[in-house]
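Encoded as structure tokens, the structure appears first; notes follow it.
What follows is calculated from the coordinates using simple rules that are stated; it is not laboratory data. Since the structure is predicted, the reported quantities are computational estimates derived from the model, not experimental observations. Don't worry about glycine lacking a Cβ; one is built from the backbone with ideal geometry, like all the others, and counts go over all protein chains shown.
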There are 2 protein chains.
Amino acid sequence: MVNEEIIKSLSIKTDSKIVLLVSDGIGDIPSKQGKTVLETANIPNMDILASKSACGLTDPISRGITPGSGPAHLSLFGYNPIKYQIGRGVLEALGVGVELSADDLACRGNFATMDEFEIITDRRAGRIPTELNEKICQKLQNQIKKIGNIEIFIIPGKEHRFVVVFRGKNLREELSDADPQLVGKKLKYTDSLISEAEATAKIVNEFIKQAIKVLKDSLPANAVLLRGFAKHPGLPTMKELFKLSPAAIATYPMYKGLAKLVGMDILGKAETIEDEFKILKENYAKYDFFYVHIKKTDSYGEDGNFEKKVQVIEEVDRFIPDIINLKPDVFVITGDHSTPAILKGHSWHPNPFLLYSKYIRVDEAKQFSEKKCTFQGGLGRFFSLEAIPLMLANALKMKKYGA
Amino acid sequence: MVNEEIIKSLSIKTDSKIVLLVSDGIGDIPSKQGKTVLETANIPNMDILASKSACGLTDPISRGITPGSGPAHLSLFGYNPIKYQIGRGVLEALGVGVELSADDLACRGNFATMDEFEIITDRRAGRIPTELNEKICQKLQNQIKKIGNIEIFIIPGKEHRFVVVFRGKNLREELSDADPQLVGKKLKYTDSLISEAEATAKIVNEFIKQAIKVLKDSLPANAVLLRGFAKHPGLPTMKELFKLSPAAIATYPMYKGLAKLVGMDILGKAETIEDEFKILKENYAKYDFFYVHIKKTDSYGEDGNFEKKVQVIEEVDRFIPDIINLKPDVFVITGDHSTPAILKGHSWHPNPFLLYSKYIRVDEAKQFSEKKCTFQGGLGRFFSLEAIPLMLANALKMKKYGA
């Protein structure tokens, strides 16, 4: 398969427009009367579209590999998910809505409980309520703003979880977890894994010391455990690689963050699916690539809630004519990975994929489902990574390779 | 596609069990009234299983490549057959049932005939009977036990063939064949191909000299030709890579040897197919991965014996319910490569592949055959190398890749 350098050399700027609708975790395995969520849902608009489209199946990484949201999305955005890996800390920061810049080092944190000898007695501080977490983070932030030249940002998550962002020059991510992992062990500081990371380790450990001091009287949250240190990955942008002016519409911070990592503008403040399609319409003139992310297919899959997942897809289906009315040159509906309700989590099963454009070989698939994409889909089975070249091609945004 | 390091980092130990049934060379091309062996055989149990499974086709190496048993099996065991290559000498040693250890250097030997000027007049010593071969090997072994610190093992094969194993530290395989290849040429000694192999070459050549002395009066077998020098490949084990406790059940030494190379325990001393399934049942509690090898589909394919190959598959089919009764979490039936009866040898045609588990998308294939796997199989076409990740995934033995 060609690499991104080749795609970069072939991509050209045109006025044609691409809409990539990612219904997160949409793929399923048959579990309700032998049917999947897609096969159960009443989705007349997607089915009509399927009958005018080319369908197929995509593997986010490769067969048998269950991807996290990071690699699954990178692949779909045209970035080799083996070459580019986004560290835990960065993903977590994206998840709580932090705007990361290129110099940032991020990590995940737990508030924890330790005894007078600094022995960890609860790695989650009794799962303190989120409201208390927010207060503690505010207190920490008020007292720790900078360590040396490095700015510190402390952002609360749910319950005992938070994120720390260290912002400044020359920070490194080659750091061991400052987390003993087990109750009964002593509070742990970070170690540099390479000599170039020694200065960063000192800053992180100074942060831990100062935090403990601030938290002295905050039982049960009197310790911090930090892990998953990761630098901003500094990805080339979709503009650099594919000459696109890309924009993202999403409801969850994590996906806005992922989109931002590849240089997309984030549009609007959508809270509902309806909001998302409204924002798409309002901004349609301004960009040539739109990534629209539907979160709830995945959330209900993770909950094992088959019926609710069906309903989300039916809701999305009602907006399909609105997208068609915008007359995109290329319109793709797919998932980033599958989230089968009976597995209550991401899975390795390939994603149904539908591509609508003027220049396809329309195939035999007359419904949008895993089975039709498998057996009647003309696109066959391919890597998610190949979706961008395919979309660019169908939008006539690619030159010939060689003469 | 992901490499084994990634699979290694994702694999986890669980109680779930996998049975991989390899019917060697099972794949065929239509040759009897337009049907393949599988399409001709009466295999009701495999057909019922197919209707509850996901089917597909696997390429052992890549399209058009006919594999030997070594690379075909390595691929199926999750080892990249391009990265890991097992030398001829080692395969031959496995084939005659030698237990190789990590320091061993093995090669294939021919007894040959030479004249008084050491000119080879028959490269196969008139294809001496196997019984005579055994006697000659015994005589050689009695007189040549060690050369320097290196232990020597001489193991007879069929007719004029034998294997020599050199056991000791620092042996190298970078040696030219000690075989003139053509009648009318002079007896040949080995040359080291790199300077580090010079000491090994001396030992091998000393062996040849001593052997000729011993064989002085053994006409027509008065010379030895050695070729295919190969060291034990030192593969990582399936336990190291995939956290499996693997066991092998096979009737032929070569396949037990291949299984041993990847760290499988070899179970029982099966001589028949019935024995093999009995051994599987008896040992089912003790391991979590079982490789069961059926040799005769390949042997009859090589013989061009369509009918007998049909009968073997029908015999295997009768034991399928016994396997299902063991309730494996994942059960796969496939071949390592195809051995079409009309080709009388291995071929490049992909293998029919059937995967039964709780978490599949059951497909349209209601029979187990090349055609159904091609056109109604939901797994599509993939590399044998991807079979292990797919089996691990379906046994829930893999973590998510990335967050």
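Summary of values
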quantity	calculated
The stretch A:59-96-the stretch B:27-54 distance, computed between alpha-carbon centres (Å)	40 Å
Copies compared at A:Ala393 - label distances in nm, ascending, label defined 7 Å from Cα in the Cβ direction	2.3
FRET efficiency, B:Lys278 to A:Glu364 (Cβ-Cβ, R0 41 Å, nearest 0.05)	0.30
Tensor-based shape of the stretch A:72-141 (alpha-carbon gyration tensor, a/c under 1.5 rounded, otherwise prolate or oblate)	prolate
Rounded Å value of the spacing that divides the Cα centres of the stretch B:167-200 and the stretch A:287-311	64 Å
Share of Cα-Cα pairs in the stretch B:302-375 lying beyond 19 Å, as whole percent	45 percent
Rounded tilt (10° steps) of A:273-283 against the dominant C-alpha axis of chain A	70 degrees
Three-way shape label, the stretch B:217-276, alpha-carbon gyration tensor, a/c 1.5	oblate
Viscosity 0.692 mPa s, 37 °C: Kirkwood-radius Stokes-Einstein D of the stretch A:91-231 over Cα pairs, µm²/s	222 µm²/s
Ranked packing of B:109-120, B:180-191, most packed first, by mean Cβ within 10 Å	B:109-120, B:180-191
Radius of gyration and Dmax over the Cα atoms of the protein assembly as shown, both given in Å	31.4, 98
Ellipticity estimate at 222 nm from DSSP helix runs (n ≥ 4, -39,500 (n - 2.57)) divided over chain B, nearest 500	-9500 deg cm²/dmol
Averaged over A:70-79, number of beta-carbon atoms from partner chains that fall within 10 Å	1
Volume of the Cα convex hull of the stretch B:343-403, divided per residue and given in Å³	116 Å³
Relative contact order (percent, whole number), chain A, Cα cutoff 8 Å, 6+ residue spacing	33 percent
A:Lys186-A:Glu99 FRET efficiency (beta carbon distance; Förster radius 51 Å; 0.05 resolution)	0.90
Per-residue mean of C-beta atoms belonging to partner chains within 10 Å, peptide B:116-125	0
In degrees, nearest ten, helix B:130-143 long axis to first principal axis of chain B (Cα)	60 degrees
Above-threshold pairs, the threshold being 25 Å between Cα atoms, out of B:Lys260/B:Lys295; A:Lys366/A:Lys400; A:Lys17/A:Lys239; A:Lys344/A:Lys371	A:Lys366/A:Lys400
Inter-probe distance in nm under a simple model that places probes 7 Å from Cα toward Cβ, at A:Thr237 and B:Glu151	6.8 nm
Mean projection area, nm², convex hull over Cα of chain B	21.0 nm²
Nearest-0.05 FRET efficiency for B:Gln138 and B:Leu193, computed from C-beta distance (R0 22 Å)	0.10
Nearest-first distances (nm) between copies at B:Thr374, label 7 Å from Cα via Cβ	1.9
For the stretch A:10-71: rounded, prolate or oblate by the Cα gyration tensor [a/c cutoff 1.5]	oblate
The stretch A:91-231 - percent relative contact order, Cα under 8 Å, separation 6 or more	33 percent
Other protein chain Cβ atoms within 10 Å, averaged over every residue that makes up B:356-365	4
Calculated on alpha-carbon atoms, Rg and Dmax of the stretch A:1-114 in Å	19.0, 62
Stokes-Einstein D (µm²/s) once Rh is taken as the Kirkwood radius of the stretch B:164-258 over alpha-carbon pairs, at 37 °C in 0.692 mPa s	204 µm²/s
Ranking of B:Trp348, A:Trp348 by count of other Cβ atoms within 10 Å, fewest first	B:Trp348, A:Trp348
Sequence-distant aspartates and glutamates (8 or more away, or on other chains) whose Cα lies within less than 15 Å of A:Lys308	A:Asp24, A:Asp28, A:Glu39, A:Asp298, A:Asp317
Acute angle (nearest 10 degrees) that the helix A:198-214 long axis makes with the longest principal axis of chain A, alpha-carbon atoms	70 degrees
